[in-house]
Each structure stands twice: as C-alpha cells, then as structure tokens.
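In what follows, a structure is listed as structure tokens, so that the remarks can point back to it.
The values are calculated or read from the model by the stated rules, or taken from the named source; none is laboratory data. Computed from a prediction, not measured in an experiment: that's the story for all the values here. Virtual Cβ from ideal backbone geometry, glycine too; neighbours counted across all protein chains shown.
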Amino acid sequence: MTMLIFGERINGMYTDIGDALKAKDPKPLQYWATKQEEGGAHYLDLNSGPAIPKEERAEAYQWMVNVVQEVSELPLVLDSTNYDAIEAGLKLCKKPAIINSVDATPEKMERVFKMASDYNAGVVGLTMDKKGIPLDHDLRVAFAMELVAAADEYGLPMEDLYIDPLILPVNVAQEHALQVLKSLAQIKMLADPAPRTVLGLTNVSQKSPHNITNLLNRTYLAMAIGAGLDAAIMNANDEDLVDVAATTQILLGRSIYADSYLNVFRQR
Amino acid sequence: MSVTIVKERYAGKIGEVTLGATAEQGGTRTSTVTIGGDSALPFLHFEGKVNRPVIAMEVNDIPPTWNTTLTKQYGDVFNSPGAWAKQCVDDFGADLIYLKLLGADPDGVNRSPEDCVRVVKEVLAAVGVPLIVVGCGDTAKDNEVIAAVAEAATGENLLIGVAEQETYKTYAAAAMVHKHTLIAQSPLDINICKQLNILINEMGLPLNKIVIDSLIAGLGFGIEYAYSIMERARLGALGNDKMLAMPMFCSVGYEANRTKESNSPIEDNPQWGELDDRAVLWESLTASGLMQVGASIIMMRNPAAVAVVKKNIDELMSV
C-alpha cells in the first residue's frame, strides 16, 4: 500500500482559510483543494480551527465539505474535536472519509468508532488520554493497543484505523522524536493485519526558524516511513517533501523502480 | 467442519484494452476483442474478475520457413496472406490475426511500405477480427513501414508494434494520430518495462492503449525467468501500480517453435517421440504456463496446439 498524503492546508489556523470560513467565501478552500491535489495529496484534511464559534461548527463543516467536493474528487479527512460537527460533515461526504481524531478515552472511543461504522469512515486514533501525551514509547504503544482493541470491538477493520503516536515540535520537545519512531515500529506489530499509522508531520518543525522547517519535515518523514509510517498530514505542496515520500516507496520495495518514478507518484 | 476460504484483496486491477474498431467506431472490423480488466491473479475466479485470454495466430506477408509439422496443417494459403488469415479464423478459431511483415526486411525481399500497406488491407478485407501488425525487426525500415500502415488503417485500432525504449516515439505518435493501440516491448527487465510505459504515456498515449510485451522464452529455454518478470509486473499492477497495469502479450508461437524440441525429427532422438506430437506439446505447454501468470494475448502458430490451448482456456474459465 502506497504512502498516503493528507493535505493539511485547509485549516482555519491559516489566515486565508479562517477569513474565508467567516465570510463564507469558497474560493480559498477550492484553490487549496485543487492545488494540494496537484501536489500529490491523496486525502484533503478539513479543519475549521477556532475561526468558527462552537455553535456554528456543524454548519461550517457541512459548508466546507460541499465547497471542497465541488472542485475535488479526493476523499476527505474531517479534523475536529467537535464530533457533532464531524458527524454533520460525514453525512455529506461522497467518498468514505476519515475522522480525525479520537484519543484513548473510553467515552470518546465509543462515540467515534460507532460513528465510523455508521458512515463507513476511517479513524485517526491518538496515543494519549485526558492526561495528555506520554513521553515514553511504551506508554504510547499501550494507548495504541487500547485503540486497536476498541476498533476490533466496534468492527472497524485495521486498515481503516490510523494510529497517530503524536510528534511534538523538536525545538521544545526533542526527546519525543525518537520515542515516536520507536512507537511506530511497535504499533505495526500490535495486530495482524496491522493498523495503519499517521503523523501530523509539520508539528515536528513548528516554531523552528523558517530556513530549517522544510529540512526537518523532509528528514523526519523519511525516518518515520522507515520506521513504519503509512500516512502523514503534511504540506502536499512542498515538492521535495513529496519526492521524499515517493523515494521511500522505491527504497522500501513497495513500488517497482523506473527512472521516472517521481513523475508517476503524483498520478492517480 | 466449515472451512473459510482465504481471499486476497487487491488494491489495483488491470486496465481494459479494446482492440479493433467496428464501423460505428470508425473501423471495419465485424467484432472487437477486449482484454484485461482482471482484479485477481489468473483464474482465481473466487477472488475477483478474471478475463479470458485470447489467441492471435501468426500470418506473414511472405511464405513461412516453418517446419512442415506446422505447414502441413494449413491449406494452400501461404502465398495469400488474406487466405492464410481467413483459414486461421474460420478453421482454427483465432481470436485475432498477428500479421508480421517479414517481407519488409532489407536483407530479404525488401518490400516497400506501400506493398506492406497493400498486404495489411488484404488481410483486413479477408477477416473481420482485429489485427496485430508488427514490422520485420529492422528498426529503420519498421519506422517507415509501421508509420505507413498506421496511416492507411486509420481508425481500425490495430495493435501495432513493437515500441522499444530507443524507438518508441515514432510508434507512439503513429498510434495516437491514427487511433491504434501499441505493443511496448522491454528486454526481460521489469524496470525498463515500467519506464517505457511511463515514457509512452507521457507522450500522450493513454494507458488503455498500451499492451506490455516483456518478452518470453519457450519451454526449457528460460520460461521461468520470463514468468518471474511477468509475475512481478502483475503483482505490482494488482498492488495499484498503474504503470504496470496493462494486459500482456506473449509471442509463444515464435519462441516455442525455434527450439530444437519443436523441430528435430524422431530419428535424431527416438526417446523424444514423434515430432508431430512433441511440437504441439511444446507450444501448448509454453502457452498454458504463461497463461497462469497473466498472458492476455497468446500468439501461436501450430493449429493443433491452438485447439489444445483453447480447450484449456475453456476449462479454466468454466466456473
């Protein structure tokens, strides 16, 4: 299975998208939907961010799903902690979507895994609970095991479960980077077939100086894929980053080598 | 006790390729042939769609130098490519005609491109099935011949060839402009096979207008190696590698009949048995072996072997 790229750019944290959400202007969302698809994204992540008040979120997610589906055939990743908003959006998705995200808290897992089964959706499961993100890989893997068990209980196939062992910015939490790599390798051994894995890749370079963020992202992506990463929420328009993803598929023997392999990775 | 059948699920499938064009589609064929579309490994019907392999019988524009064990099964047709093709279709049940224009060879009869076009038209007029047309093997001459044939048969959706890594541009252009399908041939090399498909596709020929020929060998002469290349291509394609997801062509008749086993008389090796039986077995076993790894178009020569392979296909497809 090829490495999956979830385009991160349609997020209310970005000013253009935040403003567009408030003004109900579809153009910036549609621009980034098309641009990320061209860059090589396999899924489009949609996140309203804090731009929209809580009571208007459900409506906002429906609007986002509709305007993005007008210009792109790509499946969607609905990214929110507000499950009513996600459910409202799921009702309108034309292709099986992914719910992003749930942590290992029992009440939340119950709601999200049931919702996933109702809408034939995938789930991103975070290796944390209400107490926060553990440092040690053993604790991350323990949470992953709870997510795997819950998915099994609710009948979610392992290929639809994306476990996110949560990478933190390297400039303030350097010790996490190695722990996440160790976690990825162990998560892939939790079940057979194995659950999939995902990271919010850009987090690793958050708040680092601009001249090294791309390098951090590219290097960590290669290391993480080598350790067992199957998907990344990432910048689909950093051409070199997408080239790194393509090259890992060749070096891991997942795609047959041809001189022009970079050109075809972006084709669907 | 109930047994659960383990089924493999694949992410990708083989692209469908249609050969020939009827009058409504811009050609003159009375029927077309569609190959590919498979979503499982060959003949594993319980796992997905399996398409039926087809047989293309070889016709040349000059009388063949084949062993009499082959030629004696044909009528008086070798001086008339049209009659030859018609016998292959009417009497032997060929799904397609594979017309190899050997007479174009500059070291042989050195036929002009115009003469080659005349032969192609004769065969088109004689049979209603789709045609595969390939040159004599001389690169410079074949460029001229196939360009002329492609133009003269515009809209017929011939399967033309062969495009190789060094020569593909002329062929791909001819296929695009004149609406034909192309054989992309690579020298028993999976990486070149994929690269050639990419290059042809980048020129603008759609993937469903390409058929792979990764080359084969006859039984006993390296068929295992050819099989392993085809197997990698097929597993890659089912794993969703679209640049390998084309139907595959195999020149079985050519490879099986250039072996000693298909030609030496019983006097040379009494323990091998009669040549007439042996030649049939050699060609039909080469064909049926390669069918098991996904051969879609099987090029054949020996009418008796064609009958054996057709029976084998019927059995493998009847589920």
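Condition check ((1) modelled with pLDDT of 95 or more; (2) within 16 Å of B:Asn257 (Cβ to Cβ); (3) among the hydrophobic types (A, V, I, L, M, F, W, C); (4) assigned to a strand (DSSP E or B)) across all residues:
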{"site": "B:Phe43", "(1), (2), (3), (4)": "yes, no, yes, no"}
{"site": "B:Val59", "(1), (2), (3), (4)": "yes, yes, yes, yes"}
{"site": "B:Tyr74", "(1), (2), (3), (4)": "yes, yes, no, no"}
{"site": "B:Phe78", "(1), (2), (3), (4)": "yes, yes, yes, no"}
{"site": "B:Pro106", "(1), (2), (3), (4)": "yes, no, no, no"}
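Restricting the first member to region A:111-131 and to residues that are closer than 16 Å to A:Arg196 by Cβ, and the second to residues that are part of a helix (DSSP H, G or I) and among the basic types (Lys, Arg), the beta-carbon pairs closer than 8 Å and six or more apart or on different chains are A:Thr127/A:Arg140.
Every test in (1) among the hydroxyl-bearing types (Ser, Thr, Tyr); (2) in contact (Cβ under 8 Å) with a residue 40 or more places away in the chain; (3) within 14 Å of chain A (Cβ to nearest Cβ) is passed by B:Ser214 save one, and that test is (2). Among (1) away from chain B (no Cβ under 14 Å); (2) touching a helix residue (DSSP H, G or I) at 6+ places or on another chain (Cβ under 7 Å); (3) not in a loop (DSSP other than H, G, I, E, B), there is one condition A:Val198 misses while meeting the rest; what is its number? Unmet condition: (2).
Going by the conditions given, is B:Pro247 more than 14 Å from every other protein chain (Cβ to nearest Cβ) and in contact with a strand residue (DSSP E or B) (Cβ under 9 Å, 6 or more places away or on another chain)? Considered against the rule, which asks whether it is more than 14 Å from every other protein chain (Cβ to nearest Cβ) and in contact with a strand residue (DSSP E or B) (Cβ under 9 Å, 6 or more places away or on another chain), B:Pro247 comes out as yes. Applying the selection to region A:227-259, what residues are buried (at least 16 other Cβ atoms within 10 Å of the Cβ) and within 14 Å of another protein chain (Cβ to nearest Cβ)? Matches in region A:227-259: A:Asp230, A:Ala246, A:Gln249, A:Ser255, A:Ile256, A:Ala258. Scanning region A:209-226 for residues that are in contact with a Ser or Thr (Cβ under 9 Å, 6 or more places away or on another chain) and either of a type in the set (Val, Ile, Thr) or not in a helix (DSSP H, G or I) (or both), we see that the one that is surrounded by the most Cβ atoms within 10 Å (Cβ to Cβ) is A:Ile225.
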